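Taking it in order: structure first as structure tokens, then the write-up.
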Amino acid sequence: MSTATESCTVIGLSCAHDDPVAGLSAGARAALERAAVVVGSDRQRAAIAPLVPTGTEQLPIGGDLAGLDVAGDRPGPTVVLASGDPGFFGVLRAVRTRWPEPDAITVEPALSSVQAVCAAAGEPWDDAVVLSAHGRDPRPVLHACRRLAKAVVLTGPAFGPAELLGGLDARPRRAVVGERLGSTDARVHTARTPASPGPASPGPAWPAAWLDAGAWHEPNVVVLTDESPETGAGRTRSWATPERETPTAWALPEEAFDHRDGMITKAEVRALALAWLGPGLGDLVWDVGAGSGAVAVECARLGAAAVALDRDPGQVARARANAAAHGVPVDAREGAAPGALADLPDPDAVFVGGGGREIAEVVGACAARGPRVIVTAVAALERVAPAGEALTAAGYTVDGTQLQSARLAPLGEARRLSAQNPVVLVRGVVPSAGAQEVRPAGASEVRP
């Protein structure tokens, strides 16, 4: 890899105008005039060709960015071309690895595709979470979009609008797709899903043509906004403010949830279960045998997308009501495990409550989908061994603990300790994940 010492100017070409060089600054034009080497895509180099003197070496950047390494070995100043703002999910990070001295780099940004598509959508974007599915695993992006009230997605050839929209849950949403923004054939498309999706449909009812992967032109950007009254409008906020985006507390008291006859995972058990599940933005968590949906709701409050599954329609209704009361989206579905698990998207973490006779089959079916961790709460001791054996058979590292708490309760003018029923938590962890997994920050991919 090159460690260039010559100067490098990174120039962003506008994503909002038909003529990408029309808005170039005097500094950008001067850099092009004195450049010894210009690196960029064929389209970008063609756009700036009238501004580059004859004899200037021009290099394709290449999908592996090899053009940057070649340019770094050439004498004289280099210009690297980018789309929009090079420092926002752009090529600047890769340039910094080849030109390690920041003072040698000058950046001339333009409007980014995110700004352009949000402007076309009439949406402020200071309260949106910008995600990229370009050149990386798209699952965390999809799960984040299931959870967030507003997201902007930089798509990729393998994960475009069709794959994104087709993988969402049935929450009512507005989607705006911007295709080839800044070009003469730019298009902006808008669609909404029904405000009251049918209960039998696991996903939103987008126009059929939108789910055809071959219908979209590259590059494109998608804006998603939640339009449900419980979790949508007015529930996004600017990241520039000091308001917290994470809850101030979790393992909420049982009184924070509507539940039937004490059928709820107790706060102390939820506290350890949440610690073991480790839910966060980009995760999808299953709450199997969800009952009131307390675990699913708490996972959603911590940023994860959550699916709550229960065979009792009354409990499913409670889970939906509890999610709405806490202002978080939870995909609550009626169905009996293990059979109904086949219709769910693959999870990152699973909580199994109830601990019925089918515990081994349910845990085994969950493990077959490959989550990094499975946590099951068992009240009957006879269910502990089958749960652990099913996890071991699936290749998980298994441990567990018994929780037995005693809460302070009034005793006349004094207080006493009121013992709670003991519960055993059994955990299975993928050996490579470890019990204390740390999510890697990851480098942003490049969109030259």
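The values are calculated or read from the model by the stated rules, or taken from the named source; none is laboratory data. Quick caveat, the model's predicted, so the values are computed rather than measured. Here Cβ is always computed from backbone atoms with ideal geometry, including for glycine, and neighbour counts include all displayed protein chains. Protein only, heavy atoms only, side chains kept; ligands, DNA and RNA dropped before computing areas. Shrake-Rupley method; radii C 1.70, N 1.55, O 1.52, S 1.80 Å.
Measuring only protein heavy atoms, the 1.4 Å probe finds H259 accessible over about 60 Å². In order along segment 153-170, phi translates into HN-Hα couplings of 10, 7, 7, x, x, 8, 8, x, x, 5, 5, 5, 5, x, x, 7, 7, 8 Hz, rounded to whole numbers, per the Karplus curve 6.51 cos²θ - 1.76 cosθ + 1.60 with θ = phi - 60° and x for Gly and Pro.
Is segment 305-346 rounded, prolate or oblate when judged by the Cα gyration tensor, a ≥ b ≥ c being the square roots of its eigenvalues, rounded requiring a/c under 1.5 and prolate requiring a/b larger than b/c? Oblate is the answer for segment 305-346, as a/c is 1.5 or above yet b/c matches or exceeds a/b.
Computed over the chain, the per-residue total of -39500 (n - 2.57) for DSSP H runs of n ≥ 4 gives a 222 nm mean residue ellipticity of -6500 deg cm²/dmol, rounded to 500.
A Gaussian network model of the chain, with springs between Cα atoms under 10 Å, assigns the largest mean-square fluctuation among D85, D137, D103 to D103.
Based on DSSP, what percent of beta bridges with both residues in the chain are antiparallel, to the nearest 5? Write down the numbers at each step before the final one.
Values: 38 of 76 bridges.
That works out to approximately 50 percent antiparallel.
Relative contact order, percent, of the chain when contacts are C-alpha pairs under 8 Å separated by at least 6 residues? Don't skip to the end; give the middle numbers.
Working: 960 pairs, mean separation 56.3, N = 448.
Contact order relative to length: 13 percent.
Taking D310, D348, D42 as the candidate residues, the one with maximal mean-square fluctuation in a Gaussian network model of the chain, Cα springs under 10 Å, is D42.
Does segment 130-201 come out rounded, prolate or oblate, given a ≥ b ≥ c as the square roots of the eigenvalues of its C-alpha gyration tensor, rounded meaning a/c under 1.5 and, failing that, prolate meaning a/b above b/c? Oblate, because a/c is 1.5 or more while a/b does not exceed b/c. Quick check on the chain: take the gyration tensor over C-alpha atoms, sort the square-rooted eigenvalues as a ≥ b ≥ c, and tell me if it's rounded (a/c under 1.5), prolate or oblate. Because a/c hits 1.5 or more and a/b exceeds b/c, the chain counts as prolate. Around the amide H of L59, modelled in the peptide plane, lie the amide H atoms of V38, V39, G40, all under 5 Å away and 5 or more residues distant in sequence or on another chain. When the charge dipole of segment 9-158 is built from unit charges on Cβ atoms (+1 for Lys and Arg, -1 for Asp and Glu) and taken about the Cα centre, the candidate among A71, L154, P20 whose Cα reaches farthest toward its positive end is L154.
Amide hydrogen proximity for L13: with H placed 1.01 Å from N in the peptide plane, the residues at 5 or more positions away or on another chain lying under 5 Å are A82, S83, G84.
The packing ranking, built from the mean of other Cβ atoms within 10 Å per residue, places the peptides 180-192, 86-98, 398-410 in the order 86-98, 180-192, 398-410, highest first.
Between the amide H of G400 and those of R427, distances stay under 5 Å, these residues lying 5 or more places away or on another chain, with hydrogens modeled in the peptide plane.
Give the ranking of R369, R139, R146 by solvent-accessible surface, highest area first, calculated with a 1.4 Å probe. Could you put the intermediate results ahead of the total?
Values: R369 65, R139 90, R146 15 Å².
Heavy-atom accessible area, descending, gives R139, R369, R146.
Each of S432, S228 has its accessible area taken with a 1.4 Å probe; listed largest first, they run S432, S228.
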